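Laboratory data are not the source of any read-out in this text; all were calculated from the coordinates shown. Values in this document were obtained by computation on a predicted structure and should not be read as measured data. Here the Cβ is made from the backbone with ideal geometry for all residues, glycine too, and neighbour counts use every protein chain on show.
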Amino acid sequence: MGRYFGTDGFRGEANVDLTVEHAYKVGRYLGYYFGKKHEDGKAHIVIGKDTRLSSYMFEYSLAAGLAASGADAYLLHVTTTPSVAYVTRVDELDCGIMISASHNPFHDNGIKLINRDGEKMSEDVIAEIEDYIDGKIPEIPFATGDKIGKTVDHVNARNRYMGYLMGLAKHSFKGVKVGIDPGNGSAWTLAKSIFDALGAETHVIHAEPDGTNINKNCGSTHIEDLQAFVKENHLDVGFAFDGDADRCLAVDEKGDVLTGDHILYIYATYMKERDKLMGNTVVTTVMSNMGLYKALSKHDINFEKTDVGDKNVYACMNKNGYTLGGEQSGHIIFAKYATTGDGIITAIKVMEAMIARKSKVSELSKDLVIYPQVLKNVKVADKDKAMADTGLSELIKTVEEELADDGRVLVRKSGTEPLIRVMIEADTEEKCHEKADRIVDYLEKNYG
């Protein structure tokens, strides 16, 4: 874990943990680093942002840093994280920058870095950026004269990305009533435009961003409004995105939530039927519900588990040639079409399975039984010391033996906060809480 960049970029409260000076220095070093790889010293870097109030401030800080180092900054303006990955890769740019704190509240923001292949930036480059921020690298030269960089309006590339997504749909959406909740975030215009163009009867809520209402009681982290909206308007399906639209959750026609696990099951079985599930394998993280694994096994579909984070999911997929993977939170990766989780692609692929099977969405996942799951966070003074405690290990082993085949235990340290996360799955919610509380009480007593 880096000093500034965590599992999903440099994130923190705007102008408190992540300041304009930080953004400027990130731009300065990226422009310098990638400029060295060109004979003319000029790097070409694309920037996208979500709808947060501070995103505009960080956009100009990054662009100023890039131009000061001689790089040209290509501005996509308000757009999604997966669109930045797509444009970086297709336009063969040096790297991409997305300004977003994903599902966090508006006062937070973040800087996500994407390499020229449309994948998360390598840790060695991030380490150099952090060294520059901390003054461990000598000051880098400013570009002068005609070597100074410029900003380029690149919104046409965002439009090309939208056209690409439309081309992924294998069926017309005509006659399907779809609800969309972009969470006042990046997808607030993109999603409706795409679904309208594909023929859907599209109904949208929470698409009036004002800079401070992104993710506020809406989107994939607060899906209750979409559930009610789908039921009240008798819609066929609903889709909710997070702030930068790299994740998607769905709501069926009954108003029930479909998590990332449901979506993985729906599309894995759909692909299996057509003999198109590469490696006959789905990649998940350790947070996926055991109900998913049992349901996949009934269809003779294999699965692999990675650590939490879509970056880890994609690494496993890329290494083994798998094409479907994702997280319970809604980061779903369709490797044939994208290098990152893409909420809009996820919605299009759920529509594909629904239309091809001529089924209601609720019927697509009826055989998936989700086990009750409880996740509790414990604030501790020393995460590593707590996790190395043999008493904790013995307690976890005892709880696992008690649950046997009717549940599982996952205790892990947070990658970004001083927390130990305790997750229990069991056949009843009461059992989940009882087992989790025993582990939580031990951690609080000894390390809280």
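Gain in length, Glu139 to Asn280, computed as 0.36 nm per residue apart minus the alpha-carbon separation, to one decimal in nm?
On the way: separation 141, 0.36 × 141 = 50.76 nm, distance 5.11 nm.
Additional length available on full extension: 45.6 nm.
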Completion exercise
the chain: Kirkwood hydrodynamic radius (Cα pairs, Å) comes out at 22.8
Problem - P(r) weight above 24 Å for the range 169-364, C-alpha pairs, percent - result: 34
Practice task
Report the one residue of Phe5, Asn104, Gly65 whose Cα lies farthest in the direction of the positive end of the charge dipole of the range 5-155 (charges on C-beta: Lys and Arg +1, Asp and Glu -1; origin at the Cα centre).
Solution key: Gly65
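Return a whole-number percent for the relative contact order of the range 130-272, with Cα pairs under 8 Å and 6 or more residues apart as the contact set.
Details: 220 pairs, mean separation 28.2, N = 143.
The value is 20 percent.
So what's the back-of-envelope 222 nm ellipticity for the chain, counting only DSSP H runs of four-plus at -39500 (n - 2.57) apiece and dividing by all residues, rounded to 500? Before the final figure, lay out each step's value.
Details: 15 runs with 175 residues, N = 448.
It lands at -12000 deg cm²/dmol.
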Fill in the blank from the handout: A correct Kirkwood calculation over the Cα atoms of the range 82-179 returns a hydrodynamic radius in Å of 16.9
Exercise for the section: Quantify how much of the Cα-Cα distance distribution of the range 1-71 extends past 14 Å, in percent. Expected result: 61
Fill in the blank from the handout: Computed from the beta carbon distance with a Förster radius of 56 Å, FRET efficiency for Asp124 and Thr390 to the nearest 0.05 stands at 0.95
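Once R0 is set to 25 Å, what does the formula 1/(1 + (r/R0)^6) return for the Cβ-Cβ distance between Ala356 and Asp196, expressed as a FRET efficiency to the nearest 0.05? Intermediate values should be presented prior to the final figure.
Values: r = 21 Å, r/R0 = 0.84.
FRET efficiency, Ala356 to Asp196: 0.75.
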Completion exercise
Low-density loop trypsin sites (Lys or Arg not before Pro), the range 47-142, at most 10 other Cβ within 10 Å, DSSP non-H/G/I/E/B, are Lys136
Handout entry: Compactness of the range 171-235 as Cα Rg over 2.2 N^0.38 Å, two decimals
Key = 1.11
Handout entry: Relative contact order, percent, the chain [alpha-carbon distance under 8 Å, six or more residues apart]
Key = 12
Exercise for the section: Take Asp153, Asp196, Asp242 and order them by how many other Cβ atoms sit within 10 Å, fewest up front. Expected result: Asp153, Asp196, Asp242
Fill in the blank from the handout: Taking 0.36 nm per residue of separation between His433 and His299 and subtracting their Cα-Cα distance, the length gained on full extension comes to 45.2 nm
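Averaging sequence separations of C-alpha pairs under 8 Å and six or more residues apart, then dividing by the length of the range 5-155, give the relative contact order as a whole percent.
Details: 317 pairs, mean separation 44.8, N = 151.
Computed value for the range 5-155: 30 percent relative contact order.
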Exercise for the section: Run the quick spin-label model on Lys37 and Asp131: label points 7 Å from Cα toward the beta carbon, then report their separation in nm to one decimal. Expected result: 1.7
Fill in the blank from the handout: Short to long, in 5 Å steps from zero, the percent of alpha-carbon pairs of the range 5-155 per bin is 2, 11, 21, 25, 23, 13, 5, 1, 0
